[in-house]
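Engineer: So that we are looking at the same thing, I have put the structure below in structure tokens.
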Amino acid sequence: MAVLSREQILARLNKPITEPESLVISPLLQATKAFDTDSVDLRLGTHFLLPRVPPRPYFYPGSEASKHGHQRLHVPLGRYLVVPAHETVLGATVEFIKLPNDVSGQILTKSSVARMFVVIETAPWIHPGYRGCLTLEIANVSNTPLLLYPGRLVAQLILFDVPDAKSPKKQSGTYMGPVYPEAPKFKEPTQELETLGIVETKEPKAPKPVRNRCPECLTKLPADATRCTFCNSEL
Amino acid sequence: MDEVNYLQVRVSEIRRTADRLASIIPDSDPFPADLGMIGIPYSQSSALYLNCLIAHEIGHFVFQRFNQKQKMLPEVERCLKASLASQPTTTAEMLDWSRDRLLSWAEELFCDLFAIFIVGPCYALAYVELFGLTTILNPDPSVRSGYSLTPESIFFSRSHPADLFRLKQHVTLLQGSVGWWKKVDTIKSHYVDVLKAAASVLDAQFAFFTDEQLPTYAGATLRGFFALAPTVQKVTSEVTKGLDSGLLEYEKFGGLIEAHLERAVVPSTVFDGKDHWYPDTVALLNASMKFSLESLEKLMDSVKDQKTLLAGHRSRWLNRVEFLTSKAIEDHQLLVKEKGAISVGGSFKRADLSSTE
């Protein structure tokens, strides 16, 4: 497994989309300056998912988490998002990436950004065949609030060839083709652990969450509501 | 929910509020006199193709701003005179009522045709979707050409022409100088069957219907509008003269855009074997709509565990195609604005990177 050089990346970009070896990075803004010897610079996109305070005293990694765990936010180019000290937010790259079936990637925080004690990515590995804007798990680990400007360079993409990689007949659709940051998709812990033969899964004892506001539009609702009376969102 | 979605926002109220705020905020600008405002239902905002209908609303602004009513008035009078000639008497009241109908219908038709000039045939296809007009088709798929007219599809209201009459006029425009029809005709979709069905409806099959008692000359008024329709086509062509219909760009990049969508890839940069091009919004919208109508299965077939006949699965991937297209449209705005973009014959492409370090 070797890192792809600038020339190798360009050669992949110059392959027709119909070829499995083709690489897509779009939009490639300031294209002539976007490449280093062994990497491509990536920019911060305009869409964010802000984590909500969970309705229980802990985050429960179940199927509900992807539905109600975040608030969507669009920050137009030229505006900024404030990330308070020690807070996190999900963002995405401006660039949509389509990796060939024989290339994997790694996304790294740009060193200038990292030196502000901002972590851009904590799950940096991108599997061959991936296609989508890359979801960024942005964490401000500094002691001061931070301004994020969509459109600015935040990360670097390093590509590696994967010798002898076999092209799958069909792609997995779980995270296929996202253009906005995506919330995590969990199965219920019970369901997942059952496959390992674990039949009893415990959950912390905590009062049942009282949903008196719609997570989408924040309309006040009766405690037993299953749908929002205003925007009709499923609760 | 319907009341909230289709709430009418009064522009005059917004202007008044803005002016009131401007009067108490030092050095603030007054409300711009020629600022157009378009309201769209909340439920429509995330449906990409239905937002093609915004171009129709822009048409209303153009109609009023460029005083198209005055341009059409002499022809309206001529058509009315001819159609009401068979009436025993013609009063001023009759003329006023009939003139109002013709002008109202003409404005709606103008806006439709204007929208097709702006966004291409995807407007007509989005119209079919919004008004659920596929219900006129014969449900038996083996009888592709069969259709039955539903009352809602052939009735003119006081303010709007009948849906199928509008579609018939869309087809006339697409078949005319705009030149899009040869592309639409090849799309394998029941939406296109609806357009073809609409084109074959005779003027005599349309009717005027409202809840109120209609005057005896309502039918004559309707005939007057049929005579006026070619003038509306002509006036719209004059307004949009010199505008690029987007057909050329679509012909260049439509196939590549579809190839990207088939692989769940944003089609904002397409490679033709020599250069990396940035397809424009009209090419993106129309190629994307064509793809979703006739080739969504190709994308779904490439993904594990997706069943093309399951509505939930189809809806998910249709939604994804809309997102990919929306992203490409957003990207296009960025790509053509930046300094590195090279303009060649109306299209934009990326600078060659092989010689740069």
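The values are calculated or read from the model by the stated rules, or taken from the named source; none is laboratory data. It should be emphasised that the depicted structure is a prediction, and the values quoted were computed from it without experimental measurement. Backbone-built Cβ (ideal geometry, glycine too); neighbour counts: all protein chains shown. The area values use the complete protein model at the heavy-atom level, side chains included, leaving out ligands, DNA and RNA. Shrake-Rupley method; radii C 1.70, N 1.55, O 1.52, S 1.80 Å.
Engineer: Give the long-range amide H neighbours of B:PHE208: residues separated by 5 or more places, or on another chain, with amide H under 5 Å away, using H modelled in the peptide plane at 1.01 Å from N.
Structural biologist: Amide H to amide H, under 5 Å and 5 or more residues apart or across chains, B:PHE208 pairs with B:PHE156.
Engineer: Using only the alpha carbons of region B:265-347, determine the length spanned along each of the three principal axes and report them from longest to shortest in whole angstroms.
Structural biologist: Sorted from largest, the Cα extents of region B:265-347 read 45, 24, 19 Å.
Engineer: Same structure, new question: Counting only protein heavy atoms and using a 1.4 Å probe, what share of the accessible area of the protein assembly as shown belongs to carbon plus sulfur, as a whole percent?
Structural biologist: On the protein assembly as shown, the fraction of accessible area on carbon and sulfur atoms equals 55 percent.
Engineer: Using a 1.4 Å probe on the protein heavy atoms only, what accessible surface does A:ILE198 show? Give it in Å² to the nearest 10.
Structural biologist: 70 Å²
Engineer: Using the eigenvalues of the Cα gyration tensor, what equivalent ellipsoid semi-axes result for region A:126-199 when each is taken as the square root of five times the eigenvalue, whole Å, largest first?
Structural biologist: In descending order, the three semi-axes are 30, 23, 13 Å.
Engineer: Follow-up question, since we're still on this one. Name the residue farthest towards the positive end of the dipole of the protein assembly as shown from the options B:LEU174, B:LEU48, A:GLY78, assuming +1 on Cβ of Lys and Arg, -1 on Cβ of Asp and Glu, about the Cα centre.
Structural biologist: Of the listed residues, the answer is A:GLY78.
Engineer: Can I ask one more? Chains A and B: buried accessible surface, both sides, probe 1.4 Å, rounded to 100 Å²?
Structural biologist: That pair of chains buries around 3200 Å² in total.
Engineer: Going toward the positive end of the dipole of region B:144-299, with +1 on Lys and Arg Cβ and -1 on Asp and Glu Cβ, which of B:ALA204, B:PHE156, B:LEU285 do you reach last?
Structural biologist: The Cα lying farthest towards the positive end belongs to B:ALA204.
Engineer: Something else: Using a 1.4 Å probe and ignoring any ligands, DNA or RNA, find the accessible area of B:HIS56 and quote it in Å² to the nearest 10.
Structural biologist: 10 Å²
Engineer: Based on the alpha carbons, how large is the Rg to Rh ratio for region B:82-201 when Rh follows Kirkwood?
Structural biologist: 1.05
Engineer: May I ask for the equivalent-ellipsoid semi-axes of the protein assembly as shown, computed as the square root of five times each C-alpha gyration tensor eigenvalue and listed largest first in whole Å?
Structural biologist: In descending order, the three semi-axes are 48, 30, 26 Å.
Engineer: Taking the convex hull of the Cα atoms, report for region A:27-95 its projected area averaged over all directions, in nm².
Structural biologist: 7.0 nm²
Engineer: Ordering A:ARG52, B:ARG20 by how much accessible area each has at a 1.4 Å probe, largest first, what is the list?
Structural biologist: B:ARG20, A:ARG52
Engineer: Out of all DSSP beta bridges with both ends in the protein assembly as shown, state the antiparallel percent to the nearest 5.
Structural biologist: Expressed as a percentage, antiparallel bridges in the protein assembly as shown total about 95.
Engineer: Go ahead and set up a Gaussian network model of chain A, Cα springs under 10 Å, then flag whichever of A:SER172, A:SER142, A:SER111 fluctuates most.
Structural biologist: Comparing A:SER172, A:SER142, A:SER111 in the GNM, the peak value goes to A:SER172.
Engineer: Step through the residues of region A:221-228 one at a time and calculate ³J(HN,Hα) from phi using the Karplus curve (6.51 cos²θ - 1.76 cosθ + 1.60, θ = phi - 60°), rounding each to whole Hz and writing x for Gly and Pro.
Structural biologist: Using θ = phi - 60°, the values come out as 9, x, 4, 9, 5, 9, 9, 5 Hz.
Engineer: About the Cα centre of region B:172-239, what is the dipole size in debye to 20, counting +1 per Lys and Arg Cβ and -1 per Asp and Glu Cβ, all else neutral?
Structural biologist: 380 debye
Engineer: Under a GNM of chain B (C-alpha, springs under 10 Å), which listed residue has the highest mean-square fluctuation: B:LEU80, B:LEU21, B:LEU324?
Structural biologist: B:LEU21
Engineer: Same structure again: Enumerate the amide H contacts of A:LYS110 below 5 Å, restricted to partners 5 or more residues apart or on another chain; note that Pro and chain-start residues carry no placed amide H.
Structural biologist: A:ALA155, A:GLN156
Engineer: Given bins 5 angstrom wide, list per bin the percent of all Cα-Cα distances in chain A, short to long.
Structural biologist: Binned Cα distances yield the sequence 1, 6, 11, 15, 15, 14, 13, 10, 7, 4, 2, 0, 0.
Engineer: Taking all protein chains together and a probe of 1.4 Å, list A:GLU182, A:GLU203 from the most accessible to the least accessible.
Structural biologist: A:GLU203, A:GLU182
Engineer: Any chance you could list P(r) for region A:43-142, counting all Cα-Cα pairs in 10 angstrom bins from zero, rounded to whole %?
Structural biologist: In whole percents, the pair-distance histogram is 14, 40, 35, 11, 0.
Engineer: Treating only the Cα positions of region B:211-357 as identical point scatterers, give the base-10 log of I(q)/I(0) from the Debye formula at each q in 0.09, 0.12, 0.13, 0.15 Å⁻¹.
Structural biologist: Summing over Cα pairs of region B:211-357 leads to -0.46, -0.67, -0.73, -0.84.
Engineer: I've got another one for you. Take chain B, connect every pair of alpha-carbon atoms lying under 10 Å apart with a spring to form a Gaussian network, then pick out the residue of B:ILE25, B:ILE187, B:ILE136 with the largest mean-square fluctuation.
Structural biologist: For chain B, modelled as a Gaussian network with Cα springs under 10 Å, the answer is B:ILE25.
Engineer: D for chain B, whole µm²/s, Stokes-Einstein with Kirkwood Rh over alpha-carbon pairs at 37 °C and 0.692 mPa s: what number?
Structural biologist: Using the Kirkwood radius from Cα pairs, D works out to 144 µm²/s.
Engineer: Along the positive direction of the dipole of chain A (beta-carbon charges: Lys, Arg +1; Asp, Glu -1; about the Cα centre), which of A:LEU90, A:LEU50, A:GLN156 reaches farthest?
Structural biologist: Of the listed residues, the answer is A:LEU50.
Engineer: Over the heavy atoms of B:PHE323, what accessible area does a 1.4 Å probe trace out, to the nearest 10 Å²?
Structural biologist: Here the residue's solvent-accessible area equals roughly 60 Å².
Engineer: Per 10 Å bin from zero, what fraction in whole % of the C-alpha pairs of region B:30-126 is there, up to the bin with the longest pair?
Structural biologist: Once binned at 10 Å, the Cα pair distances of region B:30-126 give 14, 34, 28, 18, 6, 0.
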